[in-house]
Amino acid sequence: MRFVDEAIIQVDAGAGGNGCVCFRREKFIPYGGPDGGDGGKGGSIYMVADSDSNTLVDYRYTRKFRAERGQGGMGANCSGKGGADVILKVPVGTTIVDEATGEVLGDLVEAGQRLLVAQGGRGGLGNIHFKSSTNRAPRKSTSGQPGDSRQLKLELKVLADVGLLGLPNAGKSTFIRAVSAAKPKVADYPFTTLVPNLGVVDIDRHRSFVMADIPGLIEGASEGAGLGIRFLKHLARTRCLLHLVDVAPIDGSDPVANVQVIAGELDKFSPTLASLPRWLVLNKVDQVLPEERDALCSDIVTRLGWTGPVFQASGLTGEGAMQVCYRLMESIEEQRRIEAEDPEAALKEQAKRQLLEQESRTRIEELRAQQRAAWQARKDAGFDDEDDEDWDDEDGPEIIYQR
């Protein structure tokens, strides 16, 4: 199936039904008076978070949704039937944005959470509402009000406490396989991971956190190289970043330079994301002789000038992997405790996350505009890029994988 994390849809709520002009006509009642009923309300459109869904692929092909119009009023003071509401299911972690104004309408982060995105119109009034002592036979009614009409942008971001960062083949997928039940594809070539993968890390009974593995970054990702920075937005909800680096790269590259490349791309994407707590994991230490490990790792840390937490681990053998997770669990629980006890700290954290999401949304739109401009320039120059149509796709590049 296809993993789609963005979609643009049109929602049109139903208009209200018109009021009725009618008069009571019964035997032996010569002056029955007005009895026109009100029109029914138009159907509304709701978004509901669904835990059984993990992609927005359904909204790539069906993009227009319209609720029913309310039924018109009837005689005998009968109101019209209200239009049926439309319920649209989206994955947990979906943000709904008004495409015209850029306003964030809501963020669905819990299963079953419900959000009204288009309000149905009110029904019109029947002539029974306009009778008075001076107008006993009113021939007036009102029309139903139109429903809301909006173009919405749906943005899916995975819900995770910890995000894995690193170059392709840094061992991120192997690491998440070692500490959770997640089974992402692992192979000996770059960009094996094409979509975000989630794994639940169980530390103890009732103690766990969610870890996210995103496709690897390369130098120039902020300008669209490789898979670009599109998937960095999935780290916007994390509390901590785990930066994995291969201590003995097979291509002979310098681990210090590799760490600096990722740090630079993070800062270009979002300064707020770059400011999140970042822990360094010196991965694949099983590839180094035991007597040389400490010296090699110490040299990397010294040359980096790293002052944060540092760990030695091997995702393949599992060495040191759970020790990292124990420390992560302690840190996450401490953050949760602080936010629960200090409302000001919780509000500050919430504001930080909103700023991070806004920065990521702005940066991705800028990159997408640059890519479209480059695509249009090539087209104007006479290059027929038939296979490059995705650059002009409003939903971004499409990635296909098998489940």
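The values are calculated or read from the model by the stated rules, or taken from the named source; none is laboratory data. Everything numeric here is computed off the predicted structure, so don't read it as measured data. Here the Cβ positions follow ideal geometry from the backbone for every residue, glycine too, while neighbour counts run over all protein chains shown.
Structural remarks
- Residue pairs whose Cβ atoms lie under 8 Å apart, separated by 6 or more positions or on different chains, with the first residue in segment 113-135 and more than 22 Å from G75 (Cα to Cα) and assigned by TED's automatic domain parsing to the domain that holds F23 and the second part of a loop (DSSP other than H, G, I, E, B) and among the aromatic types (F, W, Y), do not occur.
- Restricting attention to segment 307-321, the residues that are more than 12 Å from K284 (Cβ to Cβ) and at pLDDT below 90 total 3.
- Taken over segment 271-328, the residue count meeting the criterion of being in a loop (DSSP other than H, G, I, E, B) and in contact (Cβ under 8 Å) with a residue 12 or more places away in the chain is 15.
- The condition of being crowded, with 18+ Cβ neighbours inside 10 Å, in the same structural domain as G43 (by TED's automatic domain parsing), under 30 Å from A321 (Cβ atoms) and not basic (K, R) does not hold for G144.
- Given (1) touching a Ser or Thr at 6+ places or on another chain (Cβ under 9 Å); (2) crowded, with 24+ Cβ neighbours inside 10 Å, number of the condition V4 does not satisfy: (2)
- Condition check for P196: at pLDDT below 85, surrounded by fewer than 17 Cβ atoms within 10 Å (Cβ to Cβ) and not charged (D, E, K, R): no
- Residue in segment 214-230 that is under 22 Å from M329 (Cβ atoms) and assigned by TED's automatic domain parsing to the domain that holds S173 present: yes
- So F65, is it free of Cβ contacts under 8 Å to residues at least 60 places away in the same chain and closer than 30 Å to K140 by Cβ: no
- Counted residues, segment 92-112 - those being surrounded by 14 or more Cβ atoms within 10 Å (Cβ to Cβ) and closer than 19 Å to H234 by Cβ: 11
- All conditions in (1) touching a Leu at 6+ places or on another chain (Cβ under 6 Å); (2) in a helix (DSSP H, G or I) hold for I96, with the sole exception of (2).
- Every residue from segment 178-217 that is assigned to a loop (DSSP other than H, G, I, E, B) and of a type in the set (S, T, Y): S180, Y189, T192, T193
- Counting only residues that are in contact with a helix residue (DSSP H, G or I) (Cβ under 6 Å, 6 or more places away or on another chain) and part of a loop (DSSP other than H, G, I, E, B), segment 5-34 holds 1 of them.
- Scanning segment 154-177 for residues that are assigned to a helix (DSSP H, G or I) and either under 30 Å from T62 (Cβ atoms) or aliphatic (A, V, I, L, M) (or both) yields one hit, I176.
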